[in-house]
Structures are given as C-alpha cells and as structure tokens.
Ligand SMILES: NC(=O)c1ccc[n+]([C@@H]2O[C@H](COP(=O)([O-])OP(=O)(O)OC[C@H]3O[C@@H](n4cnc5c(N)ncnc54)[C@H](O)[C@@H]3O)[C@@H](O)[C@H]2O)c1
Ligand SMILES: [Zn+2]
Ligand SMILES: [Zn+2]
C-alpha cells in the first residue's frame, strides 16, 4: 500500500510503499476513506522538540480517520466487514488499574496511534476492535474522521455546568471552536470567544460565539468584566495553552466559578494561586482526551442531532500523495482570511486531511506583547508576502545581538536588528 511515512528523524515525510498491515485475531483491517491532520501530526512532520523523543522512525503518520472494514480477525465479535469505523487515538491496555476502574482515557500504559504505533495516513490501517468506534452511516465520512477534536470539546464541556451560565472560551482553535458550538447548544447564556487571530474569531462567531475579543488588540479583562456587569464569567475554558490566556481567564472568572484547563502549555507557566484560585473559591479541573467510550457516544449524538456543524471546519481536500502540500497549506493558511482547515479525499482509496490547528511552534512566543512591539516597529525589510503572515500569527523573538528572529510554524526568517 501507499503511506505517508516518517522515514528518519528530522522534518518532513515521504509518500512511499509500506507493507499492508495484517489483522491479528482481535483486529480489524480498515480501508481509509478520510483522515485528518491534527496538531500532533504537524509537530511530528516538523520534528518539533515536544514530540521528537517519542517518535521512532520509520513509521506511518496519522491518527484521525474514518474508513471501511475490509477484513476482521477470527475473534472479532462485534464488528463486520463493510462497517464504517473510526479509531480512538489513545490506545488503552484494558488491564491496568485506570482501565479497570472506568478511566481508560488515562490508562497507565497508554500508547498513541501514529506516535507510538503506525498511523492511518495510508491506504489501510489495522487496529484492535476494542479501540474502534462504529460510525453511523448517515454521518459524512469527513465529519466522522474529525470526531476526535469534537470529542475533546464534548469532554471539556461535560466537565462544567453550561446551561444558564456565562462562559469564556480562551483559544478558538478547532477544539475551542467546537466547544463554542457545544456551549451554544447546551444553553450558555453568553459565550465569549477570545483569540489573538481574527480568522479564528470569525470561526468562533460562526460556531455560535456571542462576544468575540481579539486579545492582541483589545483589553480582554476589561471587555469581559464590562459585558458581565463587573461580575465575571461562570465558566472559564482554557483552550490555548498560552500564558496570557491563563492570566486573563482566571481574572475574569467570577468567585465560585469553574475553570476547565484543557490547553497544553509548551513549558511551565505561572499561576497566581492565591488570587486566581484560593480567594475565589474556584473549582479548577484538568481535562484530558475523551472518556472511553462515553464521550464518543455523546459526540455521536451531538452530530446526529445537528448540534454542532463540524463541516464548517472542513473546506479543502487533497490527494494522499499531495500530503506535503496539505501540511504546507495548513501551516500557511490556518490564519488566512479564506481557509479554516483542509480536507482531502481520494476517489478510490479515499483520504482526507484538514489541519485546522497549528498556531506557532513556540507557544510561549505567542504573546501579544511581542507581536505588538513588532507591529509598531514596522518590518520594512520583510517581503510583503511574508508580511501578511507576520501580521496575524508571527512570534518574534527579541535577540538584538543576532537580529530579530521571526518564527512562524517552523519557518524562520532572520531579520536585521533594526526591526527590533
Ligand atoms: N487536554 C487534551 O487532551 C488536549 C488534546 C488535544 C489538544 N490539546 C491542547 O488544547 C489546545 C487547543 O487545541 P487546538 O487543536 O484547538 O489548538 P490550536 O493551536 O489550533 O488553537 C489554539 C488557539 O489559541 C489561540 N491563542 C494563542 N494565544 C492565545 C492567547 N494569548 N489568548 C487567546 N487565544 C490564544 C491561537 O490563536 C489558536 O487559535 C492546544 O493547547 C492543544 O495543545 C489538549
Ligand atoms: Zn488528533
Ligand atoms: Zn490501561
């Protein structure tokens, strides 16, 4: 079969022949019909430092998919050839303490599909039946592939009381955007969407956000406090992993409110525990992955009921062998005025990709302060083509002795010192 293979340590991947996997006794063999790129895939593709120690090339990339079962192992009991399935990314063992006490999503021996094992950016993929999810045939194949981030959002939304409450979602990437859609349908009274990229805010609005705030241009705390008559929000969802978002989010959380922490900071961050949490008598909860398989059932119901329109996140399609174009496109366009994400689908083998993620390699660099300084100085020597990206997403590292280094999703431009 053909597959997108990370052949060796380092950036990039290769589209090449790879042995078609054979299903074991309890495995199913799936012909991939749709698959999606997520932030983890981008990191693996770019060989980001956060992931490079975990990945052992050569391996097939990818973990989000939907496809048709074409072969089942002898001991597979509940799935049949022809069923349309997706797979849980978190490959739980089913035997450890966590798994046996209903917490398989935080399994002690967790493996990740497409990170610790071969993935699904291929014509075929094999998985154990206990990690598969049987899709309703009415759900479009691309949407079925994209259930994972929606599932994350469902898990996060389930951790707080939404109905009749005001909520602030900090970080309107795909997961934050899905969450906004859920909060809308779960009956939030007012939904604030905060991001530093206008395009993401537009998406947040499309998904049901009531008040959209660009943190790189507006005073987030002031705006939200004004809109809530000085009280603050009932629920703060941290969906960006960026330090400023933690700070602003906790500041606008009303005393006695609930903070749901989902974003993953790329390094340790500072929390004012006394003022943000203790004095506020706040409820703080971390949320990881999806509950297995309770979240999948809920997610399927949400899709069936049309409560969240995932197709709004799917705008472009690429063929499998165009994967490098798709990755580059995702990096270049995730903040553009036109695209949200990519979808790709093969006519025969079937394949789709929609990277709706990826803002920046270094989250600590994504601070509005740094971007602000950069704007005000005006990057005169920067080519206009790049300027567009700088305006919306670039992170600028101040390094006067070497000139400023402008970093955006793995691409680095060296600029003369005068830009600082
Ligand atoms: N807890 C989990 O199980 C889990 C699973 C997957 C992803 N994640 C993390 O959840 C977060 C959201 O995932 P995603 O795929 O939507 O990511 P994403 O990177 O596409 O979205 C993050 C969004 O946050 C915005 N942002 C950056 N700085 C901000 C700031 N200061 N204030 C407000 N917004 C800011 C970005 O512009 C972007 O739109 C990421 O941090 C990701 O690493 C967690
Ligand atoms: Zn994913
Ligand atoms: Zn386990």
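The values are calculated or read from the model by the stated rules, or taken from the named source; none is laboratory data. Model, not experiment: these values are computed from the prediction. Cβ atoms come from the backbone with ideal geometry, glycine included; neighbour counts cover every protein chain shown.
Out of curiosity, is residue 122 crowded, with 21+ Cβ neighbours inside 10 Å and over 21 Å from residue 319 (Cα atoms)? So residue 122 does not fit the description; no. Against the definition (modelled with pLDDT of 95 or more and within 20 Å of the chain's Cα centre (by Cα)), how does residue 209 come out, yes or no? Spelling it out, residue 209 is indeed modelled with pLDDT of 95 or more and within 20 Å of the chain's Cα centre (by Cα). Considering the conditions (1) away from ligand 2 (no atom under 15 Å from the Cβ); (2) not in a strand (DSSP E or B), residue 44 is excluded by exactly one of them, (1). Scanning the range 22-41 for residues that are farther than 29 Å from residue 313 by Cβ and either in a loop (DSSP other than H, G, I, E, B) or not assigned by TED's automatic domain parsing to the domain that holds residue 67 (or both) yields a total of 5.
Those helices (runs of 4 or more DSSP H) of the range 88-174 in which 2 or more residues are under 20 Å from the mean Cα position of the chain (by Cα) occupy 141-145, 147-158.
Which residues, counting only those in the range 301-323, are crowded, with 19+ Cβ neighbours inside 10 Å, in contact with a helix residue (DSSP H, G or I) (Cβ under 8 Å, 6 or more places away or on another chain) and in contact (Cβ under 8 Å) with a residue 60 or more places away in the chain? Residues satisfying the conditions are 302, 303, 308, 310, 313, 314. Annotation: residue 290 fulfils all but one of (1) more than 30 Å from residue 222 (Cβ to Cβ); (2) at pLDDT below 95; (3) in contact with a helix residue (DSSP H, G or I) (Cβ under 7 Å, 6 or more places away or on another chain); (4) not in a helix (DSSP H, G or I); the unmet one is (2).
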